[in-house]
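Have a look at the structure below, then the notes.
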Amino acid sequence: MSVDVVVDDRRWADLDIDALAQRATDAVLDRLGLETSVFEIALLACDDARIAALNADFRGKPAPTNVLSWPSEERGAAIAGEMPLTPDPMMDTELGDIAIAYDTCAAEAEAAGKPFVDHCLHLLVHGTLHLLGYDHERDLDATLMEGLEAEILGKMGLDDPYRD
């Protein structure tokens with residue numbers, strides 16, 4: 001997948017966010033049977049201040065969060081627990097935008113006792129799934145999305161983030 005990364009916080013560049021984003025997004029598309037060379041996203045690698053402003057502007061929540069996603073199209077399933085609409089590789093190649101916050105991600109990883117890189121990969125997989133119409137607002141949708149996340153991360157050699 002083509003990932004256009006904008007590094008707004010230098011700490012992300014030190015972590016090689018470009019490579020992490022490529023690895024996570026390709027893993028999602030591979031699992032869903034989508035051609036990785038066709039699709040593209042934009043990723044903003046920022047800090048808590050920037051993501052808090054975005055969260056306030058777009059969700060009315062003036063606080064930092066770990067990751068935000070803005071799908072280019074509404075792809076969510078009408079019926080809870082069903083698969084979202086698959087993007088058309090001939091007409092729907094821009095999947096949307098993701099923002100990820102360094103400070104929140106680092107604090108969450110530390111609190112959970114997980115490697116920072118692993119947590120970032122999880123959140124990038126999570127954000128990419130959101131761009132593809134997966135959600136966790138309804139219980140059946142959350143079960144589907146979390147199951148996919150665990151499967152994708154497992155194939156990447158990472159632990160299931162939802163297992164205690």
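The numbers here are math on the coordinates, done by the rules we state, and not lab data. Keep in mind it's a predicted model, so treat the numbers as computed, not measured. Please note: Cβ atoms are built from the backbone with ideal geometry, for glycine as well, and neighbour counts cover all protein chains shown.
Quick one: putting +1 on the C-beta of Lys and Arg, -1 on the C-beta of Asp and Glu, what dipole do you get for the chain around its Cα centre, in Debye to the nearest 20? Mind dumping the intermediate values first?
Details: 12 positive and 34 negative charges, 41 e Å.
Computed charge dipole of the chain: roughly 200 debye.
Take the Cα of residue 86, step 7 Å toward its Cβ, do the same at residue 139, and the gap between the two points is 3.0 nm. Most mobile of 78, 101, 142 per a Gaussian network model of the chain (Cα springs, under 10 Å)? So, out of 78, 101, 142, the one fluctuating most is 78.
What whole-number distance in Å separates the alpha-carbon centres of segment 136-164 and segment 49-120? The distance from the Cα centre of segment 136-164 to that of segment 49-120 comes to 15 Å. When the chain is treated as a Gaussian network with alpha carbon springs shorter than 10 Å, the biggest mean-square fluctuation among 18, 88, 118 belongs to 88.
On full extension, the segment bounded by residue 14 and residue 155 gains 48.2 nm, given 0.36 nm per residue less the C-alpha separation. Only beta bridges with both residues in the chain are counted; by DSSP, about 30 percent of them are antiparallel.
Computed on the chain, with alpha-carbon pairs under 8 angstrom and 6+ residues apart, the relative contact order is 25 percent.
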